[in-house]
Amino acid sequence: MTAGKETMGEQPIFTCKAHVFHIDPKTKRSWMAASSTAVSVSFFYDSSRNLYRIISVEGTKAVINSTITANMTFTKTSQKFGQWSDVRANTVYGLGFASEAELGKFIEKFQEVKEAIQAQQCGGKGAANGGSGAATPVASATASPLLAGRAPDEPPPAASPAQPKTENDEMMVHQRAHSVSSTVQGGYATVGRAPRGPLTSTPAPPDPAVPESTEQQLRYENDRLKLALAQSSANAKKWEVELATLKSNNLRLTAALQESTANVDEWKRQLHQYREEVARARHYAGKGGEANEVEQLRQRVAQLEAELAQKNEELAQITKSKKSEQDAEAKLAQSQLELALAAQDGQRQVIQALNDQLARQLEELTTIHREINTALQT
């Protein structure tokens, strides 16, 4: 952190190693790697301005230059990853640590710095309310107020005198800090894509090896697969209901045909009875029966024959209508069944495609995990 020391003119009050990420300034939904490897991330106290900053430099490039304010919040999004938003730099920083313990130490230091800033602000307000002519500094002019409270396993750095800064040096540092986000180009590797939907909170990978956004993408594909399977099951149940309805209609048509056949048998029996009456009438007529009775019998025979013809015509029409209706419903049922089977095949292909896509993404995720683990170990 030599460059950081020269930039701030102070010794770091806390230093750790982490992979640095920036939010994509265009999409605001994916992370971009700002450092090629794990770099030193340090907290500095600027005594000349009474400010706390987080600075990280890789080579000659400042990957983090963030001024901490009292309203900043560091969010732990997974076991080894955390993020915070810097409104002044107009970006969101993400840090991936090698272990959860290191992330916990960084969070503790971040909270400690925030509390120190809030205490300074409260002290300044109290001095103003008390009507004192000059503010009394809480800490020394050359050291951070946090140096006195460092843990025993973190020895404080050697005290160094405050270095005066010229106005040009401060302007160069300020311009360099605010040009970090604008110098991010396509050379940065995209770690992962953010989940689909509106950006309610900044997406973050669970660690540098396994991006959380990729896991969310896999969960989304898995949900789509489950939804397609549920729709297929619902369609299968609907087709079963339609087949049951068709069977019921077929039984109803069969019963109607059986009823028509029974009516035909009844009409044949009546016809046979009428013919017997006609034969008896002719027999009486041949024996010289009364003329009036013979005439009545002839009229009755003519009436019965007319009714018989009408019944035969009605029977033919009913039979023809029932048959055509049954054929139409059978064709409709056949076409609906074919469409249902075709739709089921289509959904099966879609589900298979989603399953293949999910398998490919799992394989890609495994490859990325293996490569980043190899890179971290080397």
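FYI, it's all coordinate maths here, none of it is from the lab. As the structure is a prediction and not an experimental result, all values here were calculated from the model. Glycine also receives a Cβ, built like all others from the backbone with ideal geometry; neighbour counts cover every protein chain displayed.
General observations
- Segment Glu102..Leu339, full-extension length gain: 79.3 nm, with 0.36 nm per residue of separation and the alpha-carbon distance subtracted.
- Amide proton proximity set for Val41, modelled H, under 5 Å, gap of 5+: Cys16, Lys17, Ala18
- Spin-label zone in region 257-276 - amide nitrogen under 20 Å from a point set 7 Å from the Cα of Gln317 along the C-beta vector: 257-268
- Of all lysines in the structure, the ones whose alpha carbon falls short of 28 Å from that of Lys268, not counting any fewer than 8 places away in one chain, are Lys311, Lys320, Lys322, Lys323.
- Spin-label pair Gln273-Thr73: with each label point 7 Å from Cα along the Cα-Cβ axis, the two points sit 9.5 nm from one another.
- Packing-based exposure ordering (other Cβ within 10 Å, fewest first) of His19, His369: His369, His19
- With each label modelled as a point 7 angstrom along the Cα→C-beta vector, the Ala119-Ala256 pair spans 9.3 nm.
- Counting neighbouring beta carbons within 10 Å and listing from fewest to most, the residues Arg53, Arg370 come out as Arg370, Arg53.
- Taking label points 7 Å from Cα along the Cα-to-Cβ direction, Gln377 and His283 give a separation of 11.5 nm.
- Exposure proxy ranking for Val264, Val63, based on other Cβ atoms within 10 angstrom of each Cβ and starting from the fewest, stands as Val264, Val63.
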